[in-house]
Amino acid sequence: VLRPEDVRAAVDDKTIGVVCILGNHYSGHYDPVASVGEVLGELNRANGWQVGIHVDAASGGFVMPFQPEEEVGLCDFRVPAVLSMSASGHKFGVSMCGTGWVLWRDRDDLSEHIAISVSYLGGKADSYTLNFSRPASGSAVQMYKFLRLGRDGYTLNFS
């Protein structure tokens, strides 16, 4: 588990970000995102930096939202230092293999090299894709699961 005091000691002017993990593959532990965010906030204010957090919620992204907040703490975009999050729908989201998500707090934090501009039906649209992108079937299955299970169903799965 990442310790905030270790983050304070390790971060410097060459640090581009800190990764906190929700649901360590070996132990299931969550890094203390809110505490790490507080440390980064202090360091950023003191030094004029903009070091943020990426939350790797590949295993915990579909578990954490359905647990009592007092047990897991804040570990999402409510923490000001969190700039991006990822989750794997094919794990505990019970979607198809290969279904995964990356979310950014602000469009400005998304690199211009990830999006390409395309002309479509007489207009301009941004297309976001990464290597290893898959067909939309995983998204459709995930949406079905959201609608079918709902918050109550996912909460029951993880209680």
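The values are calculated or read from the model by the stated rules, or taken from the named source; none is laboratory data. This one's a predicted model, so the numbers in the text were calculated from it and none came from an experiment. All Cβ positions, even for glycine, are placed from backbone atoms using ideal geometry, and neighbour counts span all protein chains on display. We work out accessible area using only protein heavy atoms, side chains counted, and drop any ligands, DNA or RNA first. Shrake-Rupley method; radii C 1.70, N 1.55, O 1.52, S 1.80 Å.
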Legend entry - Subset tally (residues that are in contact with a Gly (Cβ under 8 Å, 6 or more places away or on another chain) and of a type in the set (Gly, Ala, Ser)) for region 38-83: 7
Inset, instruction - Determine which single condition Pro135 fails, assuming it passes every other condition in (1) closer than 23 Å to Gly28 by Cβ; (2) open to solvent by 50 Å² or more (accessible area, probe 1.4 Å); (3) out of contact with any strand residue (DSSP E or B) (no Cβ under 8 Å at 6 or more places or on another chain); (4) in a loop (DSSP other than H, G, I, E, B). - result: (1)
Legend entry - Matching residues in region 66-89 - criterion: being open to solvent by 70 Å² or more (accessible area, probe 1.4 Å) and either in contact (Cβ under 8 Å) with a residue 24 or more places away in the chain or basic (Lys, Arg) (or both): Arg78, Pro80
Inset, instruction - Please enumerate the residues belonging to region 42-65 that are modelled with pLDDT under 95 and either open to solvent by less than 30 Å² (accessible area, probe 1.4 Å) or in contact with a Lys or Arg (Cβ under 9 Å, 6 or more places away or on another chain) (or both). - result: Ala57, Ala58, Ser59, Gly60, Gly61, Phe62, Val63, Met64, Pro65
Inset, instruction - Please work out if Val39 is of a type outside the set (Gly, Ala, Ser) and open to solvent by less than 70 Å² (accessible area, probe 1.4 Å). - result: yes
Legend entry - Conditions (1) touching an Asp or Glu at 6+ places or on another chain (Cβ under 9 Å); (2) modelled with pLDDT under 95; number of the one not met by Cys20: (2)
Inset, instruction - Within region 19-51, track down each residue that is of a type in the set (A, V, I, L, M, F, W, C) and in contact (Cβ under 8 Å) with a residue 40 or more places away in the chain. - result: Cys20, Leu22, Val33, Ala34, Val36, Leu40, Val51
Inset, instruction - Please find, within region 90-107, the residue that is modelled with the lowest pLDDT out of those that are exposed (fewer than 15 other Cβ atoms within 10 Å of the Cβ) and within 24 Å of Val7 (Cβ to Cβ). - result: Val102
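Each row is one residue, and each column tells you yes or no for (1) under 12 Å from the mean Cα position of the chain (by Cα); (2) within 27 Å of Arg8 (Cβ to Cβ).
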{"site": "Ile53", "(1), (2)": "yes, yes"}
{"site": "Cys97", "(1), (2)": "no, no"}
{"site": "Asp109", "(1), (2)": "no, yes"}
{"site": "Ile116", "(1), (2)": "no, no"}
{"site": "Ser119", "(1), (2)": "no, no"}
{"site": "Ala125", "(1), (2)": "no, no"}
{"site": "Val141", "(1), (2)": "no, no"}
{"site": "Gly150", "(1), (2)": "no, no"}
Legend entry - Test result for Asp6, in contact with a helix residue (DSSP H, G or I) (Cβ under 8 Å, 6 or more places away or on another chain), at pLDDT 95 or above and of a type outside the set (Phe, Trp, Tyr): no
